[in-house]
Every structure is written in structure tokens, then in C-alpha cells.
Amino acid sequence: MEAATFQPDHEWFQQVLPEGLSIDETTVVSGPGGSGKPLVGFAVVESWLAKGGSVVFLLTNSGRDFVAETMAELYDVDVEEYASELSFVEFDPEMDPTIEAIDRPDDGPIRANLLDSAVWTEAIDSAAEPLADDGPGTLVFATALNLFLFASTYREESLDTFLRTIEREDDRTYLFTVSTSAFADEIARVESAADTVLLTEMDDQRLQLRGVDSESVPVETDFAQVPFTPEQISTIKSVSEETRTSLIPTLKEI
């Protein structure tokens, strides 16, 4: 059976995936640290919402405010206009890694210690449950998953969680970003399990994207230029790096 696909409304993305990304599968965007991987994800999110879909943001090294500011800066999108189509899960490694400790406020992001596999599953399921399954369905967008691997006690469990999520059979589409700057062997296993793998690079403060491989859709292996300005890339990267710098020491103690 031919795979159902979704094509974001960005010419550069269409150059890389001419038929779009596979719905109900997992796409991984990998590349060195600081190579703009989340920006590719935000482009998919913008088009996904515009076509009537819903999105669960799994916020590893940023918060809801970062998402709102980034969507406004890049696409002039007010996330408040999509309140019923968006859910947020914030990773807090200082919380107890139990389902009972998950914080589920009525008016804010779910907060949880996602290092525990059961907590990861429960938090994402809870975030997705109230969302409508319209348009292309529900997209789960998770950034900087490599950060989980800095918690040595949970490294194998986190890796297994990622792999089980990729191999799961549900109706969601997953988009993960991972850095190849650390834990290369573990990240290679995530890439191998994914349906589609894309690669980012930075060249003189210009973001480039190409396809690596896919089990279900054609990919273009030549780089396409992604037209974000150096100023946009620098601003967003600085916020991400600041949070990552404060998070890694915490994770290394776990």
C-alpha cells in the first residue's frame, strides 16, 4: 500500500522530500549541535497546523514561551489562535520519575520526568488525548532527544523508549530532532529505526537540509538551502544553547 504523506508548504522542504513525509511514521532530523534542527521541525508544525492538524510539543530544552516566540518570529503565527490544536509536555528531570508525579494543570503544559519510560508514554498520551484528529492527524514534535542520554542511570531505558516509540503502532506522526555531536552509537540506532532520516548542516550561518534515506518516500540527498536569516538562526540558537547548558549538568548527576 502506498504511504499517506504530508507535504509542508515550503519549497525547500519539497526539494528534500518531493512527496512529503510519511504520516503515521517517524521522521528524524539529525545533525551536529547548533545546526538548526528544530527550525526544520517548526516549519513542519506551521504547515501541519495550517492544514487542520494537531500538535503535541515535547519540550526537552525549551519552554512554551520559546515555541510561541519562535512561531511568531519565523511565521507570524500566534499559537494562542491554535489553543485547541496544541498540547505541551515539558521535561523536568528534577521531578519524581513516576506517573503519580506528573503535573497536569488545566491551563498550562504537562510537566513530567520523562526519563522513565512509563512516564514518557503516559505524558504524551495525556497531551494527545484531548486533541482532535482532523486534517493530517496528530503530530508529536520532540526536540533534542539526545539530552536524555546524559542521564547515565536512564540512558538505556531512554534509548529503548525512543525505539519503542518509533516502532509503535498508533495513528500519530512523530518528528524527532537529535544531535550527532554526542552518543553517536545510540543516535545511530535511533536513525536506523526511523522511517525517514534528514540531515542538517550549517554553512556560513546558512541552514542546509538534505535527505539521508527513507523506507517509504523518495528523498533528495543534495542539500537544499533553508531561507532563515543568520539573525533568526542566532537568536533561536542562543535560547536553545542557554537552556541546554543549564540542563546537561543536572542530567549528568542522575
For the stretch 225-244, check the following and say yes or no: at least one residue is at pLDDT 90 or above, of a type in the set (F, W, Y) and not in a helix (DSSP H, G or I).
no
Starting from the stretch 109-138, keep only residues that are in contact (Cβ under 8 Å) with a residue 24 or more places away in the chain and small (G, A, S), then list their pairs with residues that are crowded, with 18+ Cβ neighbours inside 10 Å and part of a helix (DSSP H, G or I) whose Cβ atoms are within a distance under 8 Å, requiring at least 6 positions of separation or different chains.
S117/S158; S117/T161; A132/E85; G135/W48
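Conditions tested, residue by residue: (1) closer than 17 Å to G33 by Cβ; (2) free of Cβ contacts under 8 Å to residues at least 40 places away in the same chain; (3) β-branched (V, I, T).
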{"position": "A188", "(1), (2), (3)": "yes, yes, no"}
{"position": "M202", "(1), (2), (3)": "yes, no, no"}
{"position": "Q208", "(1), (2), (3)": "yes, yes, no"}
{"position": "T245", "(1), (2), (3)": "yes, yes, yes"}
{"position": "K252", "(1), (2), (3)": "yes, no, no"}
Take the residues of the stretch 161-206 that are assigned to a strand (DSSP E or B) and of a type in the set (A, V, I, L, M): which is nearest to F228 (Cα to Cα)?
M202
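Would you be able to say whether some residue in the stretch 45-53 is among the basic types (K, R) and touching a strand residue (DSSP E or B) at 6+ places or on another chain (Cβ under 6 Å)? Don't jump to the end; show me each part of the working.
Pass one, the stretch 45-53, residues among the basic types (K, R): 51.
When the remaining residues are screened for being touching a strand residue (DSSP E or B) at 6+ places or on another chain (Cβ under 6 Å), the result is none.
No - not one qualifying residue is present in the stretch 45-53.
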Examine the stretch 144-158 for a residue that is basic (K, R), touching a helix residue (DSSP H, G or I) at 6+ places or on another chain (Cβ under 9 Å) and under 20 Å from E191 (Cα atoms), and state whether such a residue exists.
yes
Within the stretch 211-227, how many residues turn out to be crowded, with 16+ Cβ neighbours inside 10 Å and in contact with a helix residue (DSSP H, G or I) (Cβ under 6 Å, 6 or more places away or on another chain)?
3
Going through the stretch 1-20 in order, the residues found to be outside any loop (DSSP other than H, G, I, E, B) and either at pLDDT below 95 or of a type in the set (D, E, K, R) (or both) are E11
Pairs only if they're at least six apart or on different chains, beta carbon under 6 angstrom, first in the stretch 142-171 and on the phi > 0 side of the Ramachandran plot, second modelled with pLDDT of 95 or more; list them, first residue then second.
none
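The values are calculated or read from the model by the stated rules, or taken from the named source; none is laboratory data. These figures come from a predicted structure and were not determined experimentally. FYI the Cβ positions are ideal-geometry reconstructions off the backbone, even for glycines, and counts take in every protein chain you see.
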